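Chemist: Below: one structure in structure tokens.
The values are calculated or read from the model by the stated rules, or taken from the named source; none is laboratory data. Being a predicted model, the structure only gives us computed values, none of them experimental. Quick reminder, even Gly has a Cβ in these numbers, built from the backbone with ideal geometry, and neighbours come from all protein chains shown. The protein model used for the area step is the full one, side chains on, heavy atoms only, and it has no ligands, DNA or RNA in it. Shrake-Rupley method; radii C 1.70, N 1.55, O 1.52, S 1.80 Å.
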Amino acid sequence: MSENVYDLLKERGYIAQCTDEEAVRELLGKKSVRFYIGFDATADSLTAGHFLTVMAMMHMQRAGHRPIAMMGGGTTMIGDPSGKSDMRKMLTRETIDYNVERFKEQLSRYINFGDGEDSAIIANNADWLLDLNYVNFMREIGVHFNVNKMLAAEAYKIRMAKGGLTFFEFSYMLMQSYDFYKLNCDYDCELEMGGDDQWSNIIGGVNLIRSKTGRNAYGLTLKLLTTSDGIKMGKTMKGALWLDPLKTTPYEFFQYWRNIEDAKVEECLALLTFLPMDEVRRLGALKDQEINKAKEVLAYEVTKIVHGQEEADKALAAARDVFAGGGKSANMPTTTYSKDELDAGKDLITMLVDTGIVKTRSDGRRQIEQGGVSVNGEKVTDVKRVFTSADLDAEGTLIIQKGKKVFHQIKLG
């Protein structure tokens, strides 16, 4: 190991908080360290929010450290209340197990899981949490937690303010702390990493290990991707920005990063690509129209990591075709209707909802009334406008455009 990965993570802007910066830096500089990041399987795909932590794992593994990807097969049964205003929907065991398998498949694209000594490890906290004896757990683990300190934790503040924190969720910190303790005992895991909203839970695990074993353990949190207004990045008109190409197409994924606000370009280049920092700073310093070149590089590089170079090339070509060719490209997002459906007529609001350009009919109506929607290059302001197969152009398509940047084509299927 040459460059200390702690310095790399700090320079690129990953690190939010660390339990002992000097000790962690020294630890990461002198030996291969086993560290873990947990993934609660609340959906059947990872999101852009997860991707930042995956990038940190990739940097760590490239530097010679050994990741433990900890699947939350047990903790997902409860759900982390950190930063949540409402209790998570409870999922069945079967759904969670399915989601865990999807997470494993996706992570294997980015992290080296194999048989070698430096290969990443997959663990699942369902293996030790689901069969716990409650009384024994409270006697062995619960006695190490002070309720007053727990109530003061950032993880619970939003739920406490709304008066809705249940004991069911309150136990989550104990379970995540126990995870770190188990991985420390079973795998010699010395470091837990996670999003900055996990700080309180990570501290709980560090303190539990020290109380139970007398050994040192460490925690490091990663910056959360947010807009300039403090809102989590990764939300699209269709909802979350997924890493699964069937849920968010590579073109839509590319377009999200191509259209981010100017102020976030340099930060995202540093966190979500492997470009050298000199190049990151050069691109981030571009101004006015030139910043669009940096956004295109960002979108291409992130899409290449997530979906591969071929899909990144297609997305780049499609994006350029759309703007140069009046909104047409073979690789752009497409929705198909049968000829019978179109012959019967489709109102524009329905098509806007079906394509995911808007979330609701009321939003679609507002966009049309405000002059923000065009079809085949012509602005449409009539909210009752209906289209049929007779409206398809010579190539058999309808191109719907919202604003300057969102394009979607309708075809017969």
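Chemist: Quick check, is GLY116 modelled with pLDDT of 90 or more and outside any helix (DSSP H, G or I)?
Modeler: When the stated conditions are applied, GLY116 does not pass them.
Chemist: Go through the range 354-374 and report how many residues are open to solvent by 50 Å² or more (accessible area, probe 1.4 Å) and not polar (S, T, N, Q). Talk me through it step by step, then tell me what you get.
Modeler: Let us first name the residues in the range 354-374 that are open to solvent by 50 Å² or more (accessible area, probe 1.4 Å), namely 354, 359-362, 365-366, 369-370.
Checking the rest, the ones that are also not polar (S, T, N, Q) come to 354, 359, 361, 365-366, 369.
Total meeting the criteria: 6.
Chemist: So, in the range 1-55, exactly how many residues are over 17 Å from ALA120 (Cβ atoms), part of a helix (DSSP H, G or I) and at pLDDT 95 or above?
Modeler: Residues meeting the conditions: 15.
Chemist: Need pairs with beta-carbon distance below 6 Å; first residue on the phi < 0 side of the Ramachandran plot and open to solvent by 70 Å² or more (accessible area, probe 1.4 Å) and within the range 231-247, second at pLDDT 85 or above and part of a loop (DSSP other than H, G, I, E, B); sequence gap 6+ or separate chains.
Modeler: LYS247/SER45
Chemist: Sort through ASP131, ASP127, ASP115 and tell me the only one that's within 30 Å of VAL302 (Cα to Cα) and open to solvent by 70 Å² or more (accessible area, probe 1.4 Å).
Modeler: Numbers: ASP131 fails: within 30 Å of VAL302 (Cα to Cα); ASP127 fails: within 30 Å of VAL302 (Cα to Cα).
Selected residue: ASP115, the only one of ASP131, ASP127, ASP115 that is within 30 Å of VAL302 (Cα to Cα) and open to solvent by 70 Å² or more (accessible area, probe 1.4 Å).
Chemist: Still on this model: Restricting to the range 204-262, name every residue that is part of a strand (DSSP E or B), at pLDDT below 90 and small (Gly, Ala, Ser).
Modeler: GLY239, ALA240
Chemist: Can you find a residue in the range 155-169 that is under 16 Å from THR19 (Cβ atoms) and open to solvent by 30 Å² or more (accessible area, probe 1.4 Å)?
Modeler: No; the residues of the range 155-169 include none that is under 16 Å from THR19 (Cβ atoms) and open to solvent by 30 Å² or more (accessible area, probe 1.4 Å).
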